[in-house]
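This report concerns only the one structure given below.
The values are calculated or read from the model by the stated rules, or taken from the named source; none is laboratory data. Computed from a predicted structure; not experimentally measured. Note that each Cβ is placed from the backbone with ideal geometry, even for glycine, and that neighbours are counted across all protein chains shown.
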Ligand SMILES: Nc1ncnc2c1ncn2[C@@H]1O[C@H](COP(=O)(O)OP(=O)(O)OP(=O)(O)O)[C@@H](O)[C@H]1O
Ligand SMILES: [Mg+2]
């Protein structure tokens with residue numbers, strides 16, 4: 001009884017279920033096994049980015065640089081793979097690079113005392129420039145070496161019936177859930193987002209918490225960059241442009257407060273799925289792509305407004 | 001015959017199934033001051049929030065001047081002439097004093113422009129009346145808690161309401177400020193206005209109030225004329241039993257010097273030297289603006305300083321609260337909402353916030369069972385009234401939040417415990433519990449510093465009293481020689497150094 005009540009209070013979940021039912025009625029193909037796997041695979045990229053974004057938003061910050069980190073780390077990975085470097089080395093390097101960029105964002109925000117919005121916006125411009133310099137504006141193919149074949153598996157492979165990116169997404173969710181709910185740093189993330197001053201008074205160095213959070217966000221963005229590059233077999237210079245917006249939308253749809261301190265990973269997972277289903281449905285219904293964005297925007301605004309209404313009423 | 005201004009009848013309030021007020025009836029009379037008293041969590045603030053439309057009642061009726069009313073928000077209760085000074089400060093810290101006083105009611109010209117001059121002049125009038133010598137253009141952030149409290153009061157007074165509710169208005173005020181407020185209350189009475197006065201300081205009730213209503217556990221215990229009752233009777237109504245001696249100070253053998261501060265100075269304090277001995281309770285008294293809180297925060301690593309601090313004879317440098325806690329120095333803040341507790345987190349999370357390391361494995365995983373046990377332990381030993389360890393702190397009454405704030409610091413097992421206004425907003429019974437705790441720690445050898453504006457409290461529980469005046473130490477008094485007058489003389493800066501030890 002109480003669990004049902006709790007579930008009914010979970011607005012994001014209701015929206016997710018309602019959206020699924022509506023889409024399934026309009027187009028029965030939606031509920032086919034193949035299509036469900038497609039939705040999950042397509043969701044995985046945004047879901048991974050949104051996980052890092054959840055951390056950033058939970059401490060009351062934001063990370064606008066995720067799309068460009070994705071693009072940059074993807075390009076570096078593609079170049080390394082095409083020159084035949086071992087996949088394992090490439091993946092670790094790309095992840096470390098993303099983490100390092102995130103750490104720099106964190107440093108600008110803590111030591112440099114910049115607003116997260118401004119600091120990460122600056123990083124976007126910088127990285128987009130570097131990507132163009134590095135790729136000379138052309139896609140970088142991963143080539144056809146042994147390494148590239150193995151690398152491609154990360155994006156296109158299956159284990160059993162399920163695509164590998166879906167496993168990765170699930171592992172990322174579980175890790176993030178663990179960090180947020182069962183570790184000290186996770187508790188400190190919520191505390192910093194709720195009341196930074198009181199957190200400092202509790203003997204916690206909130207600047208370290210922030211460095212950790214932006215590093216995580218950089219790392220998940222790099223992971224998404226690996227997934228996308230592996231799937232396409234090449235790194236596009238414009239890869240990831242605008243992805244930060246889908247990630248933020250997923251986090252907010254999942255009920256995380258932009259003011260910080262309140263939110264869950266489960267919410268973000270649901271939020272990412274809602275966006276994934278929406279994209280899928282619009283494709284299934286053959287809505288022209290320009291109209292897809294309009295429709296998506298309207299649905300996101302409606303969902304967030306609904307949630308807000310609920311919270312304001314006593 | 002007393003004229004009824006407001007009458008609340010059979011008020012019931014449930015918060016998500018929990019019954020907080022049960023069939024409570026409450027009257028406010030014209031031209032009189034009604035005291036509303038009860039233990040922490042008795043439902044005083046909730047009752048007043050229902051009257052002013054902050055919360056919706058579950059059941060019952062409210063009559064204003066004889067006709068039934070129902071307010072859905074504070075705006076409509078204000079329109080009807082009811083103003084409230086909330087227990088928790090609700091000021092916008094980055095706006096000026098004047099902007100805060102007139103927030104949402106800014107005087108505007110015919111063309112829609114804010115008339116700043118009028119706004120600041122009016123603000124100045126109310127500040128003067130309350131004896132607050134501050135420029136109304138000053139940002140609220142730069143004011144001490146006590147002064148912020150006065151701004152809250154000015155804000156409520158400026159509404160020119162018929163009924164003014166004061167929920168623990170004097171918690172952060174010094175005796176002089178309290179006296180000014182009482183003068184204002186007497187003026188208001190003379191103008192025929194009605195006042196509700198909530199306080200845990202019962203002496204105040206007998207000084208300023210005409211009637212008293214007592215709540216216990218959400219139930220009405222009774223209404224009495226102040227003239228026909230006394231403090232002991234009121235306490236008995238509040239707690240349901242007689243209380244033994246209010247200040248249970250114990251003598252312990254005071255040991256070696258543990259903590260020593262030498263010529264400490266910074267932007268707030270000047271040339272501070274004192275030492276603390278094992279098992280000693282040092283009271284710190286002074287007027288508002290004497291920088292007592294700033295000194296304590298300096299010792300806690302919030303502000304940088306010049307000078308030396310020694311712990312057990314070794315020189316230490318305290319650069320952050322993390323350092324302070326590592327050295328065994330804990331600080332219970334006077335401003336709990338801003339930096340004492342995290343209101344959006346649970347009772348459990350707050351109680352373990354400063355000591356989470358203790359509950360974490362080598363891998364960084366929190367042992368939730370252990371954490372839960374610790375939280376339950378404090379809830380029990382400190383009688384914290386809460387629906388459970390999972391309850392968010394914002395749903396606890398003010399006094400219970402204060403207990404959580406103390407518990408959080410105790411959990412770090414400090415050697416030196418700094419308590420900044422520890423009993424502010426804490427009811428008589430719980431206050432005694434806190435004194436008993438202080439005594440227990442004292443016996444265990446802990447050094448305790450108690451900063452308090454409540455002079456009887458300082459006199460009652462401390463071994464030695466340090467008095468400050470404008471950022472400097474103006475003298476020390478041993479418990480046996482200390483009197484209210486001696487403290488006040490030093491506090492206003494009439495005397496210089498007496499003696500240490
Ligand atoms: N929004 C809320 N949700 C749930 N419970 C609440 C809420 N507000 C108050 N309570 C509970 O209602 C009870 C009464 O609280 P209230 O704040 O009215 O007490 P109080 O008499 O003002 O106490 P104090 O002297 O400590 O300020 C408490 O047990 C508190 O935990
Ligand atoms: Mg209260």
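For region B:383-405, what are the residues that are out of contact with any helix residue (DSSP H, G or I) (no Cβ under 6 Å at 6 or more places or on another chain) and more than 13 Å from ligand 2 (Cβ to nearest atom)? Of everything in region B:383-405, those that are out of contact with any helix residue (DSSP H, G or I) (no Cβ under 6 Å at 6 or more places or on another chain) and more than 13 Å from ligand 2 (Cβ to nearest atom) turn out to be B:383, B:387, B:388, B:390, B:392, B:403.
Candidates in region B:203-220 are the residues that are within 14 Å of ligand 1 (Cβ to nearest atom) and surrounded by 19 or more Cβ atoms within 10 Å (Cβ to Cβ); of these, the one that is farthest from the other protein chains (Cβ to nearest Cβ) is B:205.
Does residue A:235 count as out of contact with any strand residue (DSSP E or B) (no Cβ under 7 Å at 6 or more places or on another chain), buried (at least 24 other Cβ atoms within 10 Å of the Cβ) and at pLDDT 95 or above? Before the answer, list the steps.
Numbers: out of contact with any strand residue (DSSP E or B) (no Cβ under 7 Å at 6 or more places or on another chain): no; buried (at least 24 other Cβ atoms within 10 Å of the Cβ): yes; at pLDDT 95 or above: yes.
Taking the combined requirement at face value, the residue does not satisfy it.
Candidates in region A:196-248 are the residues that are away from chain B (no Cβ under 12 Å) and in a loop (DSSP other than H, G, I, E, B); of these, the one that is nearest to residue A:143 (Cα to Cα) is A:233. Among the criteria (1) within 22 Å of residue B:43 (Cβ to Cβ); (2) within 16 Å of ligand 1 (Cβ to nearest atom), the one residue B:172 does not fulfil is (1).
Which strands (runs of 3 or more DSSP E) does region B:239-350 wholly contain that include 2 or more residues that are within 11 Å of chain A (Cβ to nearest Cβ)? Outline the logic, then answer.
On the way: elements: B:257-265, B:272-277, B:281-286, B:306-311, B:314-316, B:329-332.
The strands (runs of 3 or more DSSP E) meeting that bar are B:329-332.
Give region B:347-373 a look and list any residue that's surrounded by fewer than 20 Cβ atoms within 10 Å (Cβ to Cβ), touching a residue at least 12 places away in the same chain (Cβ under 8 Å) and closer than 19 Å to residue B:391 by Cβ, or say none. Scanning region B:347-373 gives a single hit, B:372.
Of the strands (runs of 3 or more DSSP E) entirely within region B:1-95, those holding at least 2 residues that are crowded, with 16+ Cβ neighbours inside 10 Å and either touching a residue at least 12 places away in the same chain (Cβ under 8 Å) or within 16 Å of ligand 2 (Cβ to nearest atom) (or both) occupy B:4-15, B:18-29, B:33-37, B:59-64, B:82-85.
Can you say whether residue B:125 is away from ligand 2 (no atom under 16 Å from the Cβ), assigned to a helix (DSSP H, G or I), in the same structural domain as residue B:198 (by TED's automatic domain parsing) and in contact with a helix residue (DSSP H, G or I) (Cβ under 6 Å, 6 or more places away or on another chain), as far as the supplied structure shows? In short, no. Among residues of region B:380-435 being within 13 Å of chain A (Cβ to nearest Cβ), closer than 21 Å to residue B:292 by Cα and part of a helix (DSSP H, G or I), the one that is nearest to ligand 1 (Cβ to nearest atom) is B:405.
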